[in-house]
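Note sheet for the following structure.
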Amino acid sequence: MKICRFDEGRLGLVEGSHVVDVTAATRALPPLSWPVPHGDHAIRHLDILRAEIARVKAKGARLPLADVTLLSPVANPSKVLAAPLNYTRHLDESRADAGIHHHTHATEFKGAPVDTLGLFLKASTAVAGPGEGIEIAMPERRNDHEVELALVIGREGKRVAETDALALVAGWCIGLDMTVRGPEERSFRKSPDGYAVLGPWLVTVDEIADPGNLALGLDVNGEARQRANTRDLTVGLARLISLASHWYRLYPGDVILTGTPEGVGSVEAGDVIEAWIDGIGRMTVTVR
Ligand code: MN
């Protein structure tokens with residue numbers, strides 16, 4: 001199932017080039033009252049939601065995808081974690097260009113960079129959908145695109161073994177880990193509003209047989225920038241989830257950006273980013 005959020009917070013089921021408005025399905029979610037639990041309410045109850053979507057979809061308005069504004073498929077992630085330097089050829093380009101990683105470009109890592117650096121956090125308020133565009137926060141600085149496979153946690157978990165880790169995943173989407181380059185901490189530079197683009201929709205786990213072998217790419221204004229495959233992740237998906245869960249309790253709706261491959265580069269106002277991942281889809285994001 002491909003589930004999106006669109007326009008003014010509506011829920012959609014994506015079928016081909018159309019979206020079926022299944023907002024009525026959200027009425028089946030249990031009521032929320034203060035204090036709300038950490039995480040995303042709809043993702044926590046995805047089983048209920050999916051059954052209800054199937055029940056109501058015949059009555060839903062059918063709209064061309066091109067006519068709707070796509071929001072982040074996750075409305076309320078409690079946290080967004082991200083892996084630094086998790087493709088070898090991106091590590092190589094970072095070493096060749098001190099402008100990419102001011103602190104670590106010259107560092108020799110024993111094993112994977114993630115083993116030394118850990119993961120970093122992006123503010124959950126940085127999350128936005130592809131239809132919202134990206135407003136450059138620091139126009140006088142270098143602002144880079146990073147396309148990444150994003151995974152969305154579906155079940156709570158703490159200290160999860162690597163062998164059990166993928167069972168926590170609700171689904172997959174495309175992530176853009178937008179980044180202001182410079183000397184500040186990663187979490188500071190990577191957290192302006194809109195700098196964590198998630199979309200175009202959530203693809204539930206049952207639809208992707210092998211997330212560890214997906215081609216992905218990104219163009220800017222029609223020019224190829226990033227071309228890669230998730231099989232080249234240095235630290236794979238299960239180990240990233242397990243690692244994250246040993247440091248933090250994971251909640252439904254939490255997002256892990258799994259790392260960007262080589263080909264990162266800058267964007268500025270007026271640019272159009274197109275990003276895709278096989279089995280998920282593609283999304284167009286305007287920079288302003
Ligand atoms: Mn990244």
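What is the order of F120, F109, F6, F188, fewest Cβ neighbours within 10 Å to most?
In increasing order of surrounding Cβ atoms, one gets F188, F109, F120, F6.
Spelling out what I want: for every residue of the range 200-208, take phi, set θ = phi - 60°, compute 6.51 cos²θ - 1.76 cosθ + 1.60 (Karplus), and round to whole Hz; glycine and proline get x.
Each residue's phi maps through the Karplus curve to give x, 7, 8, 9, 5, 4, 5, 8, 10 Hz.
Would you list H41, H145 from fewest to most Cβ contacts within 10 Å?
Ranked by crowding around the Cβ, least crowded first: H41, H145.
From the C-alpha gyration tensor of the range 47-104, pull out the three semi-axes of the equivalent ellipsoid (sqrt of 5λ each), sorted largest to smallest, in whole Å.
42, 16, 11
Can you give me the relative contact order of the range 181-275 as a percent, contacts being Cα pairs under 8 Å and 6 or more apart?
Values: 70 pairs, mean separation 27.7, N = 95.
Reported as a whole number, the value is 29 percent.
Which GluC sites (Glu not before Pro) in the range 1-80 sit in a loop by DSSP (not H, G, I, E or B) and have at most 12 other Cβ atoms within 10 Å of their own Cβ?
Loop-located and lightly packed - E8.
Given the options G182, G199, G111, which has the most mean-square fluctuation in a GNM of the chain, springs set between C-alpha atoms less than 10 angstrom apart?
In this elastic network of the chain, the residue with the biggest mean-square fluctuation among G182, G199, G111 is G111.
Would you calculate, for the chain, the mean residue ellipticity at 222 nm contributed by helices, counting each DSSP H stretch of 4 or more residues as -39,500 (n - 2.57) and dividing by all residues, to the nearest 500? Intermediate values should be presented prior to the final figure.
Working: 7 runs with 48 residues, N = 288.
Computed mean residue ellipticity for the chain: -4000 deg cm²/dmol.
Of all the C-alpha pairs in the chain, what % are more than 34 Å from each other?
Roughly 15 percent, rounded to a whole number.
Considering only C-alpha atoms, what is the centroid distance from the range 165-188 to the range 16-80, in Å?
Each part's Cα centre sits 22 Å from the other's.
Can you compute the charge dipole magnitude of the chain about its Cα centre, using +1 on each Lys and Arg Cβ and -1 on each Asp and Glu Cβ, nothing else charged? Give it in debye, rounded to the nearest 20.
With Lys and Arg at +1 and Asp and Glu at -1, about 800 debye.
Output the Kirkwood hydrodynamic radius of the range 1-89, Cα pairs only, in Å rounded to one decimal.
This gives a value of 14.5 Å.
Suppose a student asked you for the relative contact order of the chain, using Cα pairs under 8 Å spaced at least 6 residues apart; what percent would you report? Don't skip to the answer; put the middle values down first.
Values: 714 pairs, mean separation 72.0, N = 288.
Value for the chain: 25 percent.
Ranking request for peptides 127-138, 87-98: highest mean number of other beta-carbon atoms within 10 Å first, then the rest in descending order.
127-138, 87-98
With θ set to phi - 60°, apply the Karplus curve 6.51 cos²θ - 1.76 cosθ + 1.60 along the range 80-91 and write out the HN-Hα couplings as whole Hz, x wherever there is a Gly or Pro.
Per residue, the Karplus-derived 3J(HN,Hα) values read 10, 9, 8, 9, x, 6, 9, 10, 4, 6, 6, 4 Hz.
If you put +1 on each Lys and Arg Cβ and -1 on each Asp and Glu Cβ, how big is the dipole of the range 165-269 around its Cα centre, in Debye rounded to 20? Intermediate results must be reported in sequence, preceding the final value.
Numbers: 9 positive and 13 negative charges, 61 e Å.
Charge dipole of the range 165-269: 300 debye, to the nearest 20.
Percent of Cα-Cα pairs per 5 Å bin, from 0 to the last occupied bin, for the range 176-238, please list those.
Reading the bins upward from 0: 4, 13, 14, 21, 24, 17, 6, 1, 0.
Readers should treat all values here as calculations from the given coordinates under stated rules, not as data from a laboratory. Not measured: the values here are computed from a predicted model. In this analysis, Cβ positions are derived from the backbone assuming ideal geometry, glycine residues included, and neighbour counts consider all displayed protein chains.
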